[in-house]
Amino acid sequence: MLSELSPISWDAANPPTYVTRDQVQLLRGRIGDIVPLVRAGQIIGCSYHFVTTFIAAGMIKRRRDAANKTYLYCSDLEAFVKPVNELPLAAENPTQVSIYDVSRSIKRSVSQIYECFLKNRLSSACRMSEKFGIDALLLDPDEVRDMLVLPHQESDLRLFEATRRLRINTRTLQFLIKDGYLRVYKAANPNTKTFRHYIKVDDVRKFERNFSTLGSLRDEFGQISHGGICAKIRVLGIHPIYAKDGISTIYHRKDAERAIRTIEAKNMNIR
């Protein structure tokens, strides 16, 4: 810290080592601003563990003295948590949850989520009145998940690839995502750096194990008309999971397989 205060010399050939009165005042202010790591959590409102994760992520600047002891500046910490303190208070029964619950929900670190909050100023963000700093921050997990860029897995499918594989239309895919059958995330293209949306391939496989689309049923029976197979299955009391115009026909796989066995046993003419 002293090295930052350049001494003033009247004689360049024989410079004295001293500081001015203004520099002394500056030095006193710097000393008063020093905070040891163990006290940093009391300023930003979190445990010591998360202080160290913020430092490791480069979000809080760490200082070292001549004895190689680490310290922080109180002003840096106050600036770090100021965006939280300026948030509106949460409603009486908020739908948002703490940053720690968001971390557990979306499997991302607290430091990543807080960085996302700082960069994007999430519209859902608010704070609890009974806590302060990081502990008081409340967020919507879905909004955070949408904002964070997840790593793209090579096996995952683009949206158009998922519709082609499942043999459904785009509107049906939107319903499946909304109802939680498929999870979508966005990732940056490694070449263009533009965002693309992907479907988890594990979700697609799970969906294929549990459901049959009309396209897959046509594969079972051969090239038959949609109306024919749908009518015969409906006669058996089996209905698709969506009964909406413009939505692809999807059945529970167990029901569809039972219908296929029944149709084959009765030798129904479905062509």
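FYI, it's all coordinate maths here, none of it is from the lab. Remember, predicted model here, so these are calculated numbers, not experimental data. Cβ coordinates were reconstructed from backbone atoms using ideal geometry, including for glycine residues, and neighbour counts include every protein chain displayed.
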Give the calculated FRET efficiency between T70 and E257 to the nearest 0.05, with a Förster radius of 51 Å applied to their Cβ-Cβ distance.
0.20
Given a Förster distance of 35 Å, the FRET efficiency implied by the Cβ-Cβ spacing of K186 and Q42, rounded to the nearest 0.05, works out to 0.40
All other residues with a Cβ under 14 Å from the Cβ of S124 taken together, and with Lys, Arg as +1 and Asp, Glu as -1, what is their net charge?
-2
Which value in nm describes the separation of the simple spin-label points at S109 and K131, placed 7 Å from the Cα toward the beta carbon?
2.0
Note: Q153 to A265 extended length (0.36 nm per residue) minus current alpha-carbon separation gives 36.0 nm
Excluding P94 itself, calculate the net charge of residues whose Cβ lies under 12 Å from the Cβ of P94, where each Lys or Arg counts +1 and each Asp or Glu counts -1.
-2
Highest-first arrangement of 247-258, 122-133, where packing means the average Cβ count within 10 Å
247-258, 122-133
Per the C-alpha gyration tensor (a ≥ b ≥ c, the square roots of its eigenvalues), the range 82-147 is rounded if a/c is under 1.5, else prolate if a/b beats b/c, else oblate; here it's prolate
Quick one: net charge of T52's neighbours, Cβ under 14 Å, K/R +1, D/E -1?
+3
